[in-house]
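Worksheet: the structure to be examined is printed underneath.
The values are calculated or read from the model by the stated rules, or taken from the named source; none is laboratory data. Every value quoted in this text rests on a predicted model; they were computed, and no experiment measured them. Don't worry about glycine lacking a Cβ; one is built from the backbone with ideal geometry, like all the others, and counts go over all protein chains shown.
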Amino acid sequence: MDTSETENSGSALKARQLSKQVSSPEGVLTILDNVSLEVRQGESIAIVGASGAGKSTLLGLLAGLDVPSRGKIWLGDDEITALDEDGRAALRANNVGFVFQSFHLISSLTALENVMLPLELAGVEHAAEAARQALRTVGLEPRRRHYPHQLSGGEKQRVAIARAFVVEPEVLFADEPTGNLDKRTGETVIDLLFRMNRETRTTLVLVTHDLDLAARCDRVLYMDAGQIERETNGHNGGTESSPQEAAQ
Amino acid sequence: MKTDARTTVWLAVKLLARDWRAGELTVLVTALLVAVTALTGVAFLTDRVGQAVEMRAAESLAADLRLSSNQPIDPDYAGLAARSGLETARVTSMPSVVFSGEANTLAAVRAVTAGYPLRGYLKTSNRLLSDVTQTDEVPGPGEAWASTRLMARLGVDTGAALEVGGAQLTLTRVLDFRPDEGWSFVDLAPTLLINDADLESTQLIQPGSRVSHQLLFAGSRSAVDRLKPLLQEQLKDSENLRDIGDTSPQIRSSMDRSGRFLNLASLVSVLLAAVAVAMAARRYSHRHRDRIALMKCMGASQRLIFRSSLLQLLMLALAGGVIGAFFGYLSQWGLAWLMRDFIGQALPAPGLQPVVLGLVTALSIMGGFALPDLAQMGKTPPLRVLRQDLDPPPLRYGISWLAGVAAVLGLLLWIMRDTRLVLSIFAGASATFVALGAAGWLLVKSLRGFRGAAGIAWRYGLANLSRRGKESVAQIVAFGLGLMVLLLLSTVRTQLMDTWRQSLPENAPNQFLINIQPHEVDAMAAFLAERQIEAPAFVPLVRARMTAINGEDVTQMTFEDPQGERWARRDSNLSWTSTLQADNRVVGGEFWQPEFIGSEVSVEQDFGQELGLSLGDSVAFDIAGENVTATVTSFRTVEWDSFSPNFFMVFSPGVLEPFPATYITSLYVEESGRDAVLDLMRNFPSVTAIDLDAVLSQVRDVMDKAALAVQAVFIFTLLAGVTVLWAAVQATRDERRYESAMLRTFGASKKRVLGGAATEFVAIGLLAGLLASAGATLAGYLLATRLFELDYTVSVTLWLAGPLAGMLFVGVSGMAATWRVITHAPVSVLRTA
Ligand SMILES: Nc1ncnc2c1ncn2[C@@H]1O[C@H](COP(=O)(O)OP(=O)(O)OP(=O)(O)O)[C@@H](O)[C@H]1O
Ligand SMILES: [Mg+2]
C-alpha cells in the first residue's frame, strides 16, 4: 500500500478525481466525471440528484463494489483502488455496512439468520447472540424466526439495518433506503438509521431523492450528469460551497 | 477477515442446512438419490442375480465343481476339498439291467452318497402319479428310487422288489426329478438311484464294465475358486473337471440378455437423473445470485464463496452417495424378496462396495452436472446489489456439458465395463437429446402461425410459449425425454420382454434324437410325418479332432484363452450345410451361396475368439485318420436358447460328405405323445433320444425370474423420468408465479390466467408427447433389433399414449404449480425479499 498517500488522517472516506467510463453501442460513455470528495470520521453525507445522475455508480465505487476508470479512493487508511477484488472484499468485511432500496434479504433465511450472515462471513463467534441483540435494537427480536416474505417492507428494511450495523462498520452506505417505503414507514426507518448512526459514531453515505431526508445529514452533495455540481451543509442549514473546497 | 478453513466449513454447513430447510435442494437431492439408488440397487442385484443364476447353473451340475473319470477317483481329492471347507458327494453310475420278477430293462444305475445333490434338490413321490415333493434325502441302504420311465418299463409301483446285479433292493420312491438330468450321453437309460453303501453288493463294478465315477464339490465361492486350480494341477488324463462355466449355453445366453436389460435400465436412470440434477442446479444457481452478490458485498472473497460452494456440493454428494447406497441396499432386499423362490438359498451378504460405488456416482454426477453452474454462480459481481441486471459471465455450455458427459461416461464405463453397450446407448441418448431439441425448436417456431386462431387465453399461452423460446424447447426436451422413457417402459418393455420369452416358445424342441444313421433318415421322416410330429431338419454330424491352425500343430500352440485350449484338445462335432440356419446370424465375413461347393468353414463367434481364429485362417482336422483343411470365411452368432441343433463349426458342402456321419434332429413332442418317442426308439433301436424338458424348464425359470428383476429395476428408470419432469416444472416456476401475479394485478380474471397457463402447458405436453412417441418407437426399434436381436412391431397405443399422457401430465403438474399463485392474492407473490 502506498503510505505516501495516507496523509488523510481523520477522514473516513476520500476520493480523488474519480471517473467511470463504460462502453455502450453508441461508443464510450462517461457516467462519472472527475469526482472528488472527502468524508470525515462520524460525518454523514447525502448524495442527491436526478435519476441517472450517477449516484449509485459513485456509491458502488466508494464501497469498492466496482473499480473506477481513473482516480483513487481511500477507505480509512487503505487505498481500495490499489486492491484486487478479494482485497476489497476483505476490507468491506471489516469496515463497511450496506442498506439497499430493495432490502436484499435472503428469502431462504429467517430474519435472525439474515442478520447473522455478515458475522458468520467474518468468522465471528457467538454470531447468534450478537444478531439477536441487533434485532432487539431495531425492535424486531420477536420476529426473528420469520422469513422475509412474512415481513412488511418497513420491517424488512429494519432487519437490513440491523444486519448493516451488527458488524459495527466504519462506514455505512445506504442507497435510497426509503425508496420502496411509504412516507411514514420511511421516516421510522430513517429515524432508526440516524439514531444508530449517532450511537455507533458510524460514517454515513446516503443516496436519496428525498431532499428533506438529505437535509438531515451533515452535508449534501448534488450530482448531475456524473459530476458533483454543488454542496450544502445539512441540518437544514444552507451554506453552499464548491466541490473543490469540499475535497480539501 | 478470517477466511480460515473453519469459517468456510461452518458457512457451507449452515447455508446448506438452511437451503435444505427452505426446500431449495429438494429436486437436486431427489435426482441425485434416484441416480445413486438405481445404480447401486442394480449393482447389488446384478451381483445377486448373477449368483442366483450361477447357482441354478450349478444345479445342473448338482455341484459347483464336478470331477468325472472312468477310473475310481483318488480319495485324496475329497480330503483336499474337506481341508478347503468344501462339501463333497460321490456319484458312481453304470448301465445295468434291472429285474423285477420276470420284467427287466436297461437302467442307468447311480449310486450316491448322502448329500447328493450338493446343489438343487431331488423331487420324489411316494407312488406313481401322486404328489411330488422336494427332498434332502437319498435312498437309504437297501432302498432304490426309480424314474417313472423305468417303473413304466418294468410295470411296477413303489414297494416292488428289485434285483440289481447281485443286490436285492426295495423300490421305495418314485424319482421324479434330479437336477443333473441334463443331457450327457451316459444318462440315456432311465435312472435308478441307490445308496453308495449298496454299490459293493451289486457287484457291478468289474474290470471292463462302463463305470463313470464322479466327485461333486460345493462350497463358498472363494473356497471353490481356491480349490479349482489345486484340482486342475493334479488332474490325470482320464479325469475331467467341469464347473458352472461349462454348463448349458442356453442358460448363459438368457443370463446375458437379462444382464443387458438390467444394465440398460440403470444406465438410462443415471442419464435421466443427471439431466434432472443439471436442471435443478441451474435453477438453484439462478436463485442464489443475489445471495452471492450480497455475501461479496459483505466482504466474502471469491475464494471463500467458491470453496464453500464446492464444500456444499461435496457434502451433498457425500450424503447423496451414502443415503442412495443405503436405499439401493434396501431396494435390493425388496428385489431379493420378489425373487425369493428363485434365489432360494441365502446369499453372501453384500459388502461395502456399493457404498463406494454410490459415492463415486454421486461425485461424478454432481461434479459433472452441478459444479459448472455453481462455480459460475460464484462469479456474480458484487455490484449486482445495486444493479439487478448484472449476472455472472454466461456459462460456456460446451464446456459444462462436456464436463458432465465426461463424468457420466467415465462412471458408466467403470461400472459396466462394456464399452460397446455404454457407447452405443450414450450415442443414442445424445442423438435423442439433439433430435428432441431440434424437433422441439421447429415445433415452437411453427406454433407462431396458430396464434391468431382463437381466444385470448389461447393467444396468451402460445405467445408465452414462443416468447420463452429457449426455455420452452428445454422443457419440451426434458418432458419429452421423461415421457419417452415412461412410454418405452410401459409399452416397449413389455413388448421386448414378451418377444424375449417367445424366443423360447411353448413348443420349443424338447427331444433331441442323435445317432441317426444316414440310411434311417428317410424312414424316420416318414415315421414322424405319420404321427403328425413336425418334420424336422436332419443335421449331419461328423466327429473330428482339430490338428492345426494355419499349419501350426494345435498341440504345440499356446492359447490366450484357457477355454480355447480345451476346445483344441477335445473331439469336435462338425456339420455342413448349404444355407444358414434361421437362428444363426453372420457377424463377420460372408456366408457361402447355396450352390457353393468348396472347403470353407463358418465359425461361431465366441468359439472363434476363444481359439484366436480370424477370417482367412485355415483349420485342419483329423477325421477317421484323414486330414481335412478348410478356410474360415465367416463368423456367426447362434441363438443357443432356440434349442435347435447348432454347431460351433459348420462346413460348406463339398468337404465332409465322404466321411461317416450320423444325423441329429430336435422335435417338440407333447406330454401326451410320449409313447410316440418310445415307439420310435423301438423302430430305430440305434437312435438315442434325449429328453430336454428339464433343461427347458430351467431356462424358462431363469427367464421368468430375470424378467421380474428387470421389471423391478425399471421402477428406478421410471422414478428418474418423473424427476426430470418435476425438475422441468420447477425450472420455470418462479417466473410463472411472478407473471401470473402481474397479470392478475393488471386485472386479468383468474379464469383467463388459468386458461393461458393451461394452453401453454398443454401445448408443451402435446409437443413433448409427440416427440416422446416418436423417440420411444425409434428407441424400441433400435433396442429390439440391435441390442437384443429380437423382432419389433410398431404399436398404435404408444402413439396415442404419448401425446395424451403429455397433455395430461404436463398440463396437470403445470397447473398445480401455478394454481396456488392464481388462487392466492397476487400481492403475496409480488412481495419479494
Ligand atoms: N455498466 C453500465 N453500462 C452502461 N450504462 C451504465 C452502466 N452503469 C451505469 N450506467 C448508466 O450511468 C448512468 C448513471 O447510473 P446510476 O445508476 O449511477 O444512476 P442513479 O443516479 O443511481 O439513478 P437512479 O436515481 O435512477 O437510481 C445511467 O444513465 C445508467 O444508465
Ligand atoms: Mg441509483
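Regarding the stretch B:634-646, can at least one residue be identified that is in a loop (DSSP other than H, G, I, E, B), buried (at least 19 other Cβ atoms within 10 Å of the Cβ) and at positive phi? Taking every residue of the stretch B:634-646 in turn, at least one turns out to be in a loop (DSSP other than H, G, I, E, B), buried (at least 19 other Cβ atoms within 10 Å of the Cβ) and at positive phi. Checking the stated criteria, A:Ala89 turns out to be among the aliphatic types (A, V, I, L, M) and within 11 Å of chain B (Cβ to nearest Cβ).
Among the residues of the stretch A:116-127, are any among the small types (Gly, Ala, Ser), within 18 Å of the chain's Cα centre (by Cα) and away from ligand 2 (no atom under 16 Å from the Cβ)? The answer is no, given that none of the residues of the stretch A:116-127 is among the small types (Gly, Ala, Ser), within 18 Å of the chain's Cα centre (by Cα) and away from ligand 2 (no atom under 16 Å from the Cβ). The conditions of being surrounded by 22 or more Cβ atoms within 10 Å (Cβ to Cβ) and farther than 18 Å from B:Leu294 by Cβ are met by A:Thr178.
Going by the structure shown, is B:Ala535 part of a loop (DSSP other than H, G, I, E, B), farther than 30 Å from B:Ala429 by Cβ and at pLDDT below 70?
Values: part of a loop (DSSP other than H, G, I, E, B): yes; farther than 30 Å from B:Ala429 by Cβ: yes; at pLDDT below 70: yes.
Spelling it out, B:Ala535 is indeed part of a loop (DSSP other than H, G, I, E, B), farther than 30 Å from B:Ala429 by Cβ and at pLDDT below 70.
Take A:Asp77 and tell me if it is over 26 Å from A:Ala162 (Cβ atoms) and facing chain B (nearest Cβ under 7 Å). No: the conditions fail for A:Asp77. Reported count of residues in the stretch B:200-223, each being surrounded by fewer than 17 Cβ atoms within 10 Å (Cβ to Cβ) and farther than 15 Å from B:Ile244 by Cα, is 9.
Take B:Tyr284 and decide whether it is within 14 Å of chain A (Cβ to nearest Cβ), surrounded by 17 or more Cβ atoms within 10 Å (Cβ to Cβ) and closer than 23 Å to B:Thr37 by Cα.
In short, yes.
Could you tell me which numbered condition A:Phe98 fails, if it satisfies all but one of (1) more than 7 Å from chain B (Cβ to nearest Cβ); (2) among the aromatic types (Phe, Trp, Tyr); (3) under 23 Å from the mean Cα position of the chain (by Cα)? Among (1) more than 7 Å from chain B (Cβ to nearest Cβ); (2) among the aromatic types (Phe, Trp, Tyr); (3) under 23 Å from the mean Cα position of the chain (by Cα), A:Phe98 violates only (1). Within the stretch B:297-311, the residues that satisfy the criterion of being more than 11 Å from B:Leu11 (Cα to Cα) and more than 7 Å from chain A (Cβ to nearest Cβ) are B:Phe306, B:Leu310. Taken together, B:Thr26, B:Thr46, B:Thr30, B:Thr40 contain a single residue that is at pLDDT below 85, away from chain A (no Cβ under 11 Å) and under 17 Å from B:Ala319 (Cβ atoms), which is B:Thr40. If only residues of the stretch A:44-57 that are under 22 Å from A:Phe194 (Cα atoms) and near ligand 1 (Cβ under 7 Å from one of its atoms) are counted, the one that is surrounded by the fewest Cβ atoms within 10 Å (Cβ to Cβ) is A:Gly49.
Test A:Val35 against the stated conditions and say whether it is within 12 Å of ligand 1 (Cβ to nearest atom), surrounded by fewer than 23 Cβ atoms within 10 Å (Cβ to Cβ), assigned to a strand (DSSP E or B) and of a type in the set (A, V, I, L, M, F, W, C).
No; evaluated as a whole, the condition is false for this residue.
Among the residues of the stretch A:208-231, some residue qualifies, meaning at least one is among the acidic types (Asp, Glu), more than 16 Å from ligand 1 (Cβ to nearest atom), more than 14 Å from every other protein chain (Cβ to nearest Cβ) and within 23 Å of A:Asp33 (Cα to Cα). Among the residues making up the stretch B:270-321, those that are among the aliphatic types (A, V, I, L, M) and not in a helix (DSSP H, G or I) are B:Met298, B:Ala300. If only residues of the stretch A:58-114 that are in a loop (DSSP other than H, G, I, E, B) and closer than 16 Å to B:Ala300 by Cβ are counted, the one that is farthest from ligand 1 (Cβ to nearest atom) is A:Leu109. Just wondering, is there one or more residues in the stretch A:113-130 that are within 30 Å of B:Asp389 (Cα to Cα), among the acidic types (Asp, Glu), surrounded by fewer than 18 Cβ atoms within 10 Å (Cβ to Cβ) and at pLDDT 90 or above? Taking every residue of the stretch A:113-130 in turn, none turns out to be within 30 Å of B:Asp389 (Cα to Cα), among the acidic types (Asp, Glu), surrounded by fewer than 18 Cβ atoms within 10 Å (Cβ to Cβ) and at pLDDT 90 or above. All of A:Ser44, A:Ser56, A:Ser36 fail the test of being more than 20 Å from B:Lys379 (Cα to Cα) and either modelled with pLDDT under 90 or within 10 Å of chain B (Cβ to nearest Cβ) (or both), apart from A:Ser56.
Give the stretch A:9-64 a look and list any residue that's more than 14 Å from the chain's Cα centre (by Cα), of a type in the set (S, T, N, Q) and within 16 Å of ligand 2 (Cβ to nearest atom), or say none. A:Ser51 - this is the single residue of the stretch A:9-64 that is more than 14 Å from the chain's Cα centre (by Cα), of a type in the set (S, T, N, Q) and within 16 Å of ligand 2 (Cβ to nearest atom).
With respect to the stated conditions, A:Leu65 fails to be of a type in the set (A, V, I, L, M, F, W, C), buried (at least 23 other Cβ atoms within 10 Å of the Cβ) and in contact (Cβ under 8 Å) with a residue 40 or more places away in the chain.
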